Amino acid sequence: MNRKKKQEEDDNISLKIQLYIMSLWLLFLLIFMLTVDIPISFASDAKFIGIKALLQRNILAIISMVMVVLGIILTHHMQYRWKGVTNPPYRVKSIKNENYEYLTFLTTYIIPLICIDLNNIRYVIVLGILLFLIGFIFIKMDLYYGNPTLALLGYRLYKIEIENINNTDGIVVISKERLATGSSIDWMEIDKNIWFVKENKQ
């Protein structure tokens, strides 16, 4: 039993890390656009600078693009996980819109981080340390759900109460559907108080 519980905890932590990486998709895309450096010349004597030199000029851009691709892969993986969900549906007792969390994440973290001088190696190292620390805090404090990538994919945030479940703080749910009081939902637990849900229309 303890082994099963430990496995579930490990899976939940892994899912939280994936959500945090997904949340940085937009940041890494912007970093790529700001740092990619491909010299183009139409002079008659122009020549290719070579693969090695091109890679050296674009190390940060390449890392950023790898993270963008990883974010896309994780997004598809998240959608694939839904296929194995067999939890019994619940009914929404009360609901509150929490979509402002997306803007909070964007304006508080993404925009300030993109203003760092990416041409200075010291600032790039500081950026890496900040992303690690923010990720650690977000996962520890369960703040990872305010994910602008999810907003771009059409997901909405709600805080709900469930019929026949005693949870005075409510449950934060992430859903593509517009939910309302009385909606029947299928659910996948990320944490005790944070779920992925979709409307059960059967």
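The values are calculated or read from the model by the stated rules, or taken from the named source; none is laboratory data. Since the structure is predicted, the reported quantities are computational estimates derived from the model, not experimental observations. Cβ atoms come from the backbone with ideal geometry, glycine included; neighbour counts cover every protein chain shown. With ligands, DNA and RNA removed, areas are computed over all heavy atoms of the protein, side chains included. Shrake-Rupley method; radii C 1.70, N 1.55, O 1.52, S 1.80 Å.
Structural remarks
- Top-ranked residue in the stretch 84-113 [being in a loop (DSSP other than H, G, I, E, B) and among the β-branched types (V, I, T); ranked as modelled with the lowest pLDDT]: V85
- The strands (runs of 3 or more DSSP E) found wholly in the stretch 123-202 and carrying at least 1 residues that are at pLDDT below 90 and touching a Gly at 6+ places or on another chain (Cβ under 8 Å) occupy 156-162.
- Qualifying residue in the stretch 12-29 (condition: over 25 Å from W195 (Cα atoms), in a loop (DSSP other than H, G, I, E, B) and modelled with pLDDT under 85): no
- Residues considered: M33, M67. Of these, the only one that is assigned to a helix (DSSP H, G or I), at pLDDT 85 or above and open to solvent by 90 Å² or more (accessible area, probe 1.4 Å) is M33.
- Number of positions in the stretch 155-181 that are small (G, A, S) and open to solvent by 30 Å² or more (accessible area, probe 1.4 Å): 1
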